[in-house]
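A quick write-up on the structure given underneath.
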Amino acid sequence: MSGTAGVGRPLGLDTLVRLKRGRWPATGGDSRRSPVPEGMTTPLGCDAVAVPARLGPLVVPRLPRVGCVYADGTHWWWIVPADSDYALTWPAPAQYSAGAPLPGAARLIHRPAGTVPYTPPIPLYLALCRVTGTTPEWSRPLSA
């Protein structure tokens, strides 16, 4: 049954993306430490966007909400919902990391109020485009 979940239902795009990334089925067997502080939940999964530390202070005031942010002296990492890179290329020098792997030296520098650790990905993308001088993908002319 190609393209179905085995019970006659077609696979959705979200399921296919998760299959490609090896996130299906979701299990509790991941031995990495959670990149979010205790007491916070990640109902939408968890990825990270890293930028050089020099850009971090330029991005923060452009965001309507700042979620968990980690830093190690050379980079800042914003926690975003899983698959926030779907159909989107983050502007260089930003690096998108599925699963939010953080180096051991990274320390939490901002914790939002509440229990959700996310920085909204679209405002973060637009802020990074602005500070890097990159035109957002959807504003670029189509090539012939």
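Any residue in segment 49-69 that is under 18 Å from residue 133 (Cβ atoms) and open to solvent by 30 Å² or more (accessible area, probe 1.4 Å) sitting within a Cβ distance under 7 Å of a residue that is in a helix (DSSP H, G or I) and not acidic (Asp, Glu)? List the pairs, counting only those 6 or more apart or interchain.
Pairs that qualify, where the first residue is under 18 Å from residue 133 (Cβ atoms) and open to solvent by 30 Å² or more (accessible area, probe 1.4 Å) and the partner is in a helix (DSSP H, G or I) and not acidic (Asp, Glu), are 58/131; 62/127; 62/130.
Please determine, by comparing only the residues of segment 102-126 that are within 13 Å of residue 71 (Cα to Cα), in contact (Cβ under 8 Å) with a residue 24 or more places away in the chain and of a type outside the set (D, E, K, R), which one is least open to solvent (accessible area, probe 1.4 Å). Give the derivation first.
Taking segment 102-126 as the starting set, the residues that turn out to be within 13 Å of residue 71 (Cα to Cα) are 102-111.
In the following step, the residues that additionally are in contact (Cβ under 8 Å) with a residue 24 or more places away in the chain were identified as 102-103, 105-111.
If we keep only those that are of a type outside the set (D, E, K, R) too, we end up with 102-103, 105-106, 108-110.
Values: 102: 34, 103: 49, 105: 62, 106: 3, 108: 72, 109: 86, 110: 72 Å².
Ranking the candidates gives 106 first.
Give the residues of segment 127-144 that are open to solvent by 60 Å² or more (accessible area, probe 1.4 Å) and assigned to a loop (DSSP other than H, G, I, E, B), sorted by residue number. Outline the logic, then answer.
Start the filter on segment 127-144 by keeping residues that are open to solvent by 60 Å² or more (accessible area, probe 1.4 Å), which leaves 130, 133, 135, 138-144.
Listed by number, the residues that qualify are 133, 135, 140, 141, 142, 143, 144.
(1) touching a residue at least 40 places away in the same chain (Cβ under 8 Å); (2) more than 18 Å from residue 59 (Cα to Cα); (3) open to solvent by 30 Å² or more (accessible area, probe 1.4 Å): which one isn't true of residue 99, the others all being true?
If we test residue 99 against (1) touching a residue at least 40 places away in the same chain (Cβ under 8 Å); (2) more than 18 Å from residue 59 (Cα to Cα); (3) open to solvent by 30 Å² or more (accessible area, probe 1.4 Å), just (3) comes out false.
The values are calculated or read from the model by the stated rules, or taken from the named source; none is laboratory data. A quick note: this is a predicted structure, and the numbers were derived from the prediction, not measured. Every residue, glycine among them, receives a Cβ derived from its backbone with ideal geometry; neighbour counts consider all protein chains shown. Accessible surface is based on the protein model in full, side chains and every heavy atom, while ligands, DNA and RNA are left aside. Shrake-Rupley method; radii C 1.70, N 1.55, O 1.52, S 1.80 Å.
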